[in-house]
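Report on the structure given below.
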Amino acid sequence: MVNPAYRLLLGMIVLLSGVGFRSAQAQYGPAAEAPGPSGTIFSSAAYQPDYSAQQNYNAEPDYYQTLDQYPSGYERDPYYGSGGESEMISRALPVDRGWAYDHPMDGLFKKVVQNSWMRLEYLLWKAPPGNQLIGAELPSGNDPRLPYAIEDPDGTFNLEAREADLGSIGRKGSNGIRGTFGIDFNSGTIEAIFFGMKSDHSSVSYGKSDLMRTNFSAADLINTNYDLANSIAIQTLLDGQVSLAGRRFNQKFSVDYQTQAWGVESNYVINTERLMFRTYYGAGGLQIRPLVGFRYLKIGEEMLIKGSFEDQAATATTPVALFETTIDSATNNKLYVPQAGIRMEFVHPWFTISAEPKVGFGVNNYNGSVLTNQFLSAADPTHVTTISETRFSPTFEFGVNARVNLTENFTFNVGYNFLWANQIARPGTITYYNESSANLTNGVSLQAQNSLDSYTLHGLVIGGEFRFP
């Protein structure tokens, strides 16, 4: 008798032999007796006329590329069996268009960059204070820069003095930089401008040899250290009236002048064909375009005067020991100016020549101070007086410029710029040279006053302009 367990095992073997593994050919279906093409791992689906899958697609951007599949081209490793190419595939991805390439703001940002430009320029500008006197006028009306008679220790007018001025101050100029960033639109151009000047230091000084008499006598050779001839004087008013009051300096005299300016402005240059204005799009022709904008300008200046005096000659009625006088005048101006102008350009494919006048009407918020120490005598203490006001201030600027196109995106610039502002507080004009007869020993003498002047800043401009591709 056959063991039941043996019968069960034999039945399982028969069953498995009926549903066992198919041959390699049978794996590809009854209609395919050989493997498909190398590199293909998907079989085509059978056609079913009664079935149609619903498919919904969103409209894709124009710049998307079709996502296709390609054979990788790599050979199959023998370890994984026989065959030609590997079944690994490659997919072509869309072209990388930068950050947020699928965002609407990307197109706007790209257009702004493509229409932007930047200009960087070196400035060699100067702002001289002019031929201002350091002191008051003479009663005679003569030019105090020329030698005039002064009273000597004996009370006779047989010595000479003269006043100094600021004519030699600020002639060399100082270095600066100006940067401009602009964006071109169909309706016009927006510009943002910044400039800054390095502090300009100028000085004039006279030593003991410059303050001595040119024709010496025997007495002069004995008392050369105390000679008053050819001394520098600071004439003052007396109670507001012209007089010969003032101070003499026979040992040394110096003036140190410092000026600095910086500012920012923003302008909108308008493309228009109205009135006399003409705008040509592209290279070639004469362009005349109006502009409007706003300017902030800061001007700071300081004048430091030092002089020494000594009179211990044997003939001196009242000998005076050596002492040093200090006068320090400082001003600070802040201008807020709306402005308008015209930009005229002759545009050629190789170069551009332009001229640009601008006129502004704004306000100047200024302050100033005058410090004196030992002005009337060695016993005269330190006095400080100040002013602070806001006044109407007009401005005018004119610039000419020539730009040569070196490449498609870079130009070389050279030009000249002139800037004028009125109602500006300056150290030489706010100083009121006056003495009070009530106190000629240690009273307040030189004071700060609301006396304003014009300011001029001009010079050479050299730089380059870069347009973003």
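Bear in mind these aren't lab numbers, they're just calculated from the coordinates by the rules spelled out. Worth saying up front: this structure is predicted, and the values here are computed from it rather than measured. Cβ: placed from backbone, ideal geometry, glycine included. Neighbour counts: every protein chain shown.
Before moving on, here are some points about what is shown:
- Karplus 3J(HN,Hα) series, Hz, for region 299-305 with 6.51 cos²θ - 1.76 cosθ + 1.60 (x for Gly, Pro): 10, x, 9, 8, 10, 10, 10
- Ordered by the number of other Cβ atoms lying within 10 Å of each residue's own Cβ, fewest first, Trp125, Trp420 fall into the sequence Trp420, Trp125.
- If R0 is taken as 25 Å, the Cβ-Cβ distance between Ala192 and Leu406 corresponds to a FRET efficiency of 0.55.
- Magnitude of the charge dipole, region 116-467, Cβ model with Lys/Arg +1 and Asp/Glu -1, debye to 20: 1500
- Kirkwood analysis of region 241-370, using all unique Cα-Cα pairs, places the hydrodynamic radius at 20.1 Å.
- In order along region 258-275, phi translates into HN-Hα couplings of 10, 9, 8, 8, 8, x, 9, 7, 9, 10, 10, 8, 9, 8, 8, 10, 7, 6 Hz, rounded to whole numbers, per the Karplus curve 6.51 cos²θ - 1.76 cosθ + 1.60 with θ = phi - 60° and x for Gly and Pro.
- Beyond 30 Å, the tail of the calculated P(r) for region 116-467 holds 49 percent of the Cα pairs.
- Estimated FRET transfer efficiency (Thr272, Val242; beta-carbon r; R0 41 Å; 0.05): 0.10
- Taking 20 Å as the cut-off, no amide N atom of region 343-363 comes nearer than this to a point 7 Å along the Cα-to-beta-carbon line of Gln114.
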